[in-house]
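Written below as structure tokens is the structure these notes are about.
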Amino acid sequence: MQPKLLFLDFDGVLHPCTAGTFIYTGRLQAFLRQHPVLRVVLSTSWRNDHAWNDLMALFAPDMRERFVGSTPQLNESLPAVRELEIRAWLRINRCEHVEWAALDDDATLFSPGCQHLVQCETIRGLRPAQLEQLAAKLHLNS
């Protein structure tokens, strides 16, 4: 089975912007363990300020091989810049036809109505409802 891609933001996803950091990492990792076809690409702004090994240290050792890269950094003033960064990564890695979704809390970084976005609430972070949406979007339960 061909891998499917999850583009992952941290702030507002793995932790609400109002609470401790990375409190939902375990929730995401449990989801990834249930769906071994998923590979993760970091689209978070953390990719620009932290070394890859430091970012991987945030995840369990058995999860690290599932992380396959990070999106390139484009000009932040571009409209829908996060989606453009994702599409650039897909093109560079010849993955334009791979099913993908993005977990992010900021819809302004995507084109209006982007069908690939699973939006988290900034003040709540990753909830079971978003994981259900992600599974449906990527046809993980079929």
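All of the numbers you see were taken from the coordinates with simple rules; none came from a lab. Everything numeric in this text was worked out from a predicted model, so none of it was measured. Virtual Cβ from ideal backbone geometry, glycine too; neighbours counted across all protein chains shown.
Of all DSSP-defined beta bridges confined to the chain, some 5% are antiparallel rather than parallel.
Residue-wise HN-Hα couplings along region 127-135, as the Karplus relation 6.51 cos²θ - 1.76 cosθ + 1.60 with θ = phi - 60° gives them from phi, are 10, x, 4, 5, 5, 5, 4, 4, 4 Hz; Gly and Pro carry x.
Averaging Cα coordinates gives a centre for region 106-125 and one for region 68-94; these two points are 15 Å apart.
Overall form of region 72-118: oblate. Here a/c, set by the Cα gyration tensor axes a ≥ b ≥ c, is 1.5 or more, and a/b is not larger than b/c.
Selection among HIS97, GLY20, ILE123 by position relative to the dipole of region 1-138 gives HIS97 as farthest towards the positive end (Cβ unit charges, Cα centre). For CYS120, what is the net charge nearby, where nearby means another residue's Cβ is under 14 Å from its Cβ and Lys, Arg count +1, Asp, Glu -1? Result for the local shell: -2.
Remark on ALA102: its backbone amide H falls under 5 Å from those of PHE7, LEU117, VAL118, a criterion applied only to residues 5 or more positions apart or on other chains, H modelled at 1.01 Å from N.
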